[in-house]
Amino acid sequence: MITPTQLTDRDSDLMSQAVALARKGLYTTKPNPRVGCVIIQDHTIVGQGWHEKAGEPHAEIHALRNAGVRARGAEVFVSLEPCAHQGRTGPCAQALIDAGVQRVVSAMGDPNPKVAGRGHRMLEQAGIEVILADDELGARELNSGFCRRMEAERPLVRLKVAATMDGRTAAWDGSSQWITSEEARNDAHRLRARSCAVVSGIGTIRADNPRLNARLDEPVVQPLRVVLVGRSQVDPAARLFSVAGPVLIVGSDENQTASEFDQRTERVCLRGSGGQVDLNQLLDLLAARHCNEVLVEAGAAVAGAFVSGGLVDEVWVYQSPDVLGSGGRGMFVMPGIGSIDDRLRFELSDVCQIGRDLRLVYRPLSSH
């Protein structure tokens, strides 16, 4: 076990560059972690790269190819411990050994049980100096969903809500387009783009007829779109099916079969109480399908069920500076709260102005 070490200012700067490279894969590496790598020879960057897409070369391989023969005797700064197992690509630790590097600095260990220190041990056994940073400089936050899935066998769940400053998600007649500005909606598309799955409910599909895909002017591996239907049915003509990408319909009985849809659409039954979908089973299923980050974009009933079940890690509220009044629809349906003592408590972890709106990120005060 390598003891974490405080990096020098020089090493911290280089590691920050590796983390910045890792961020370039924010929308494309799923379900793999986002990783960046910088190779230094004689105080000069001779190679760099990032993991661009699952199944393709890892960050270290891109950087080694970029460096060529200059990698021999070089220092390597990588935002995640080099892998030590054979997957769709070969082990990066062995590639670094074969390249003849002399020093490897990692921002954090790999939480994947298939690695979990093995990469660092391989490097040390080959005579390479290995440094593990005591400050991962944002590498863990960048891969928070991957870490959660590896450590807890559950995805990181974010709940996104667009609301007015008095907490209304729609007017009394149900109209809700558009509560927030175009800038805020574009930011929400980036949140979709980094997610492995987007979950919505049949009510939202019927009321808003969304596509639930991420629409950005840059490469995106589209998330799995999940629709919770309970005992209801989805109209095969819904806009959800008008764009490319897989769709998973989750019901609580077998009243609609996947044969009614095209081959990219799958139907599963996860029966919970009261005719509802079992959300715990849903998250187990998504974790088993290698989903790191799950985004819930749904109406007040589904949102309330996720929150009251203690299944939400972050609540992202896009808040407009408008008022819809007491006749408007609220953010959560949560019938179990009868008094102030029953409230669920959150803390504000981030606030940012986007256009004329605020983006507020909340996290539960107590872990569930």
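Quick notes
- Here residue 254 and residue 165 are evaluated by their C-beta separation; at R0 = 41 Å the FRET efficiency comes out at 0.40.
- For the chain, leaving out every one of the chymotrypsin sites (Phe, Trp or Tyr not before Pro) that falls in a DSSP loop and has at most 13 other Cβ atoms within 10 Å, the longest unbroken run is 179-368.
- Computed E for residue 237/residue 135 - FRET, C-beta separation, R0 56 angstrom, nearest 0.05: 0.60
- Top of 154, 103, 192 by mean-square fluctuation, Gaussian network on the chain, Cα under 10 Å: 103
- On full extension, the segment bounded by residue 326 and residue 276 gains 15.2 nm, given 0.36 nm per residue less the C-alpha separation.
- For region 1-132, the carbon plus sulfur part of the accessible surface works out to 48%, probe radius 1.4 Å.
- Potential lengthening between residue 72 and residue 365 on full extension [0.36 nm per residue; Cα-Cα distance subtracted]: 100.6 nm
- Given a 1.4 Å probe and the protein chains as shown, residue 46 ends up with an accessible area of around 10 Å².
- Accessible surface area normalised per residue over the chain is 47 Å², counting heavy atoms of protein chains with a 1.4 Å rolling probe.
- The candidates 253, 13, arranged from most to least accessible area with a 1.4 Å probe in the full protein assembly, appear as 13, 253.
- The largest-to-smallest principal axis extents of the Cα set in the chain are 68, 45, 39 Å.
- Helix-derived mean residue ellipticity, 222 nm - over the chain, DSSP H n ≥ 4, -39500 (n - 2.57), to 500: -7000 deg cm²/dmol
- Label-zone membership for region 1-32, site residue 102, 7 angstrom Cα→C-beta point, backbone N under 17 Å: 11
- Cross-link partners of residue 53 among lysines (Cα-Cα below 17 Å; sequence separation of 8 or more within a chain): 24, 30
- R0 of 41 Å, Cβ-Cβ distance residue 190-residue 125: FRET efficiency to nearest 0.05: 0.50
- Restricting the calculation to Cα atoms, region 26-120 yields a radius of gyration followed by a Dmax of 12.2, 35 Å.
- Summed side-chain charge close to residue 321 - residues other than residue 321 whose Cβ falls under 11 Å, Lys, Arg +1, Asp, Glu -1: -2
- Rounded to the nearest 20 debye, the dipole size of region 216-356 about its Cα centre is 300 debye, using +1 on the Cβ of Lys and Arg and -1 on the Cβ of Asp and Glu.
The values are calculated or read from the model by the stated rules, or taken from the named source; none is laboratory data. Keep in mind the model is a prediction, meaning the values are calculated, not measured. A quick note on method: Cβ atoms are made from the backbone with ideal geometry, for glycine too, and the neighbour counts reach across all protein chains shown. These accessible areas exclude ligands, DNA and RNA; they are computed on the full protein's heavy atoms, side chains included. Shrake-Rupley method; radii C 1.70, N 1.55, O 1.52, S 1.80 Å.
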